[in-house]
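Peer 1: One structure, as structure tokens, below. Some questions next.
The values are calculated or read from the model by the stated rules, or taken from the named source; none is laboratory data. Everything numeric here is computed off the predicted structure, so don't read it as measured data. Don't worry about glycine lacking a Cβ; one is built from the backbone with ideal geometry, like all the others, and counts go over all protein chains shown.
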Amino acid sequence: MKASLSQIKEQIHPVDFYNVELGVIPKSSDIAWYVGGLCPFHSDRKEGSFRANQESGAFTCFSCGAKGGDIVEFTKQRYGLSFAEALRKLTHDWRVQC
């Protein structure tokens, strides 16, 4: 069975997701955003260029310009997947209950 977008967003918290995908992300002075280490979308050498929103899962890299609105879009971009493939990957990897 395939999980819906709303089921994935309800069951995978962005903080948990980014901690697994990127390692521990230290909290920045902006309460809503976490500062990541290195951006996974380019050969980043400047820690802190990647940021992820702890509530929405939105992400942006101030070095390469990668950005998206949620963890599904991150998964699509990072692994070169379609929307449906990203949903399946998240459902499987995170054992989302349908």
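Peer 1: Looking at the range 47-98 only, could you name the residues that are assigned to a helix (DSSP H, G or I), hydroxyl-bearing (S, T, Y) and surrounded by fewer than 17 Cβ atoms within 10 Å (Cβ to Cβ)?
Peer 2: Going residue by residue through the range 47-98, those that are assigned to a helix (DSSP H, G or I) are 71-79, 83-93.
Restricting the remaining residues to those that are hydroxyl-bearing (S, T, Y) gives 75, 79, 91.
Hit for the range 47-98 is Y79, nothing else.
Peer 1: Pairs only if they're at least six apart or on different chains, beta carbon under 7 angstrom, first in the range 72-98 and of a type in the set (D, E, K, R), second in a helix (DSSP H, G or I); list them, first residue then second.
Peer 2: Within 7 Å, the pairs are K76/F83; K76/A86; K89/T75; K89/Y79.
Peer 1: Across the range 31-56, which residue is modelled with the lowest pLDDT among those that are touching a Gly at 6+ places or on another chain (Cβ under 9 Å) and charged (D, E, K, R)?
Peer 2: Out of the qualifying residues, it is E47.
Peer 1: Can you pull out the residues in the range 31-66 that are on the phi > 0 side of the Ramachandran plot and in contact (Cβ under 8 Å) with a residue 12 or more places away in the chain?
Peer 2: G48, G57
Peer 1: Being assigned to a helix (DSSP H, G or I) and modelled with pLDDT of 90 or more is the requirement here; does V20 meet it?
Peer 2: Values: assigned to a helix (DSSP H, G or I): yes; modelled with pLDDT of 90 or more: yes.
Yes, satisfied.
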